[in-house]
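Colleague: For reference, the structure I am asking about is given below.
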């Protein structure tokens with residue numbers, strides 16, 4: 001299985017305050033998908049990732065998909081199949097945008 | 001997005017108000033402020049870096065007049081900033097282009113306002129400035145520095161959009177930034193001569209948006225919130241309305257902080273104030289982030305998308321952040 005990295009041309013930053021709020025909302029059983037917890041600047045355009053997207057993004061520093069799901073499973077209380085499917089869909093989307101590098 | 005990022009994404013930094021040009025539209029020409037020495041600029045850079053601001057862009061004033069420009073850039077790059085600048089290019093020799101690359105500049109923007117040298121030279125009040133700007137662009141490309149061409153859209157060039165884009169493309173620019181005319185500084189003094197009418201702005205932006213949608217080999221950037229009235233921003237837009245004070249701040253030559261270069265309202269000074277404290281607690285920024293519709297904006301269906309348009313233009317012409325943008329073409 002190939003390792004995956006973020007495209008190094010993409011400038012990004014974690015929004016710490018938004019992430020903390022989203023984590024608190026998740027703990028309370030609320031909706032944590034609203035505000036961006038990671039901001040990215042790609043070719044002059046700004047984008048944002050929600051909590052799950054942001055956590056995946058931060059882990060993409062040379063990791064394979066299975067290990068990525070294992071790590072996320074420690075934070076997100078969802079069944080493994082659902083998590084794997086969400087991660088796969090997200091990676092496909094990032095890849096389609098050219099935001100990933102495969103080793 | 002609904003919330004403001006925890007600190008600015010971009011710091012626009014006027015390292016100096018000095019300039020070798022005397023342009024007819026210049027916002028900063030009437031500005032005067034003592035210039036900080038190298039070590040104090042570095043001190044502020046380190047303070048800003050603490051809050052993970054990803055981008056610094058030097059404007060001003062001509063950045064290349066600072067003899068420590070490349071030393072500062074190397075320092076800023078070492079702190080993790082992505083550094084860029086806007087320059088008129090007149091002083092940008094082959095040697096300076098090499099230093100730009102070596103010191104870590106991610107992008108350099110060269111100002112070229114017309115494809116006709118005599119028009120550009122007249123606007124910039126400097127003979128030979130078009131030729132020098134074109135040469136500067138070529139030097140940067142040769143050194144492998146990413147190039148942007150910046151054009152201030154006004155009376156002299158609003159009908160030559162396609163030529164401006166072609167010129168930028170031919171020079172190898174990744175982006176052309178179409179800066180809207182600001183009635184600040186000399187821009188205010190000369191607005192009757194140089195600014196467009198609201199209808200002309202609408203016509204220009206309709207053409208520019210159409211051109212942008214078909215451009216595959218160059219990015220066409222036009223950061224003007226008023227375009228939201230004719231072209232809805234993508235759903236993932238981080239903020240609506242002016243980005244000043246929401247995504248960016250401006251630092252002047254003496255360390256003073258203003259919401260943007262075109263709004264001369266000082267909210268603090270980074271020699272003594274903390275960036276995060278200003279960002280979170282400035283009353284001025286709070287007012288800019290929570291504008292209230294006035295006059296024709298009160299009943300306008302576009303208000304929730306444009307938030308009154310450019311706050312700097314409204315402030316420059318009326319002294320009120322909440323006034324409608326004077327460029328707005330939407331009827332009452």
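Colleague: Go through the stretch B:139-167 and give me each residue that's surrounded by 18 or more Cβ atoms within 10 Å (Cβ to Cβ) and within 14 Å of chain A (Cβ to nearest Cβ).
Modeller: Result: B:147, B:148, B:149, B:150.
Colleague: Let me ask another. Would the stretch B:50-64 turn up any residue that is part of a helix (DSSP H, G or I), buried (at least 16 other Cβ atoms within 10 Å of the Cβ) and under 19 Å from the mean Cα position of the chain (by Cα)?
Modeller: Filtering the stretch B:50-64 for residues part of a helix (DSSP H, G or I) gives B:63-64.
Then drop every residue that is not buried (at least 16 other Cβ atoms within 10 Å of the Cβ), which leaves B:63-64.
Still in the list and also under 19 Å from the mean Cα position of the chain (by Cα): B:63-64.
Scanning the stretch B:50-64, I find at least one residue that is part of a helix (DSSP H, G or I), buried (at least 16 other Cβ atoms within 10 Å of the Cβ) and under 19 Å from the mean Cα position of the chain (by Cα), so the answer is yes.
Colleague: Those residues that are in contact with a helix residue (DSSP H, G or I) (Cβ under 9 Å, 6 or more places away or on another chain), more than 14 Å from chain B (Cβ to nearest Cβ) and not in a strand (DSSP E or B), I need them from the stretch A:37-69; list them, please.
Modeller: A:52, A:55, A:56, A:57, A:59, A:60, A:65, A:66, A:67, A:68, A:69
Colleague: (1) touching a residue at least 60 places away in the same chain (Cβ under 8 Å); (2) within 14 Å of chain A (Cβ to nearest Cβ): which one isn't true of residue B:54, the others all being true?
Modeller: The number of the failed condition is (1).
Colleague: I'd like to know if the stretch B:89-99 contains one or more residues that are within 23 Å of residue B:247 (Cα to Cα) and in a helix (DSSP H, G or I). Full working, then the answer.
Modeller: The initial filter retains those residues of the stretch B:89-99 that are within 23 Å of residue B:247 (Cα to Cα), namely none.
No, every residue in the stretch B:89-99 fails to be within 23 Å of residue B:247 (Cα to Cα) and in a helix (DSSP H, G or I).
Colleague: Oh, and also: Of the conditions (1) more than 27 Å from residue B:121 (Cβ to Cβ); (2) crowded, with 21+ Cβ neighbours inside 10 Å, residue B:109 fails just one. Which one is it?
Modeller: (1)
Colleague: Counting only residues that are in a strand (DSSP E or B) and within 15 Å of residue A:56 (Cα to Cα), which one in the stretch A:1-24 is nearest to the other protein chains (Cβ to nearest Cβ)?
Modeller: From the stretch A:1-24, those in a strand (DSSP E or B) are A:4-6, A:11-14; that's our starting set.
From what's left, within 15 Å of residue A:56 (Cα to Cα): A:4-6, A:12-14.
Working: A:4: 22, A:5: 19, A:6: 14, A:12: 8, A:13: 6, A:14: 8 Å.
Going through the qualifying residues, I end up with A:13.
Colleague: Just for strands (runs of 3 or more DSSP E) wholly inside the stretch B:213-324: which have at least 2 residues that are away from every other protein chain (no Cβ under 14 Å) and either touching a helix residue (DSSP H, G or I) at 6+ places or on another chain (Cβ under 8 Å) or closer than 23 Å to residue B:53 by Cα (or both)?
Modeller: On the way: elements: B:219-221, B:248-251, B:256-258.
Fully inside the stretch B:213-324 and qualifying: B:248-251, B:256-258.
Every read-out reported here was derived from the displayed coordinates using simple, explicitly stated rules and does not represent laboratory data. Worth saying up front: this structure is predicted, and the values here are computed from it rather than measured. So basically every Cβ, Gly included, is an ideal-geometry build from the backbone, and we count neighbours across all protein chains shown.
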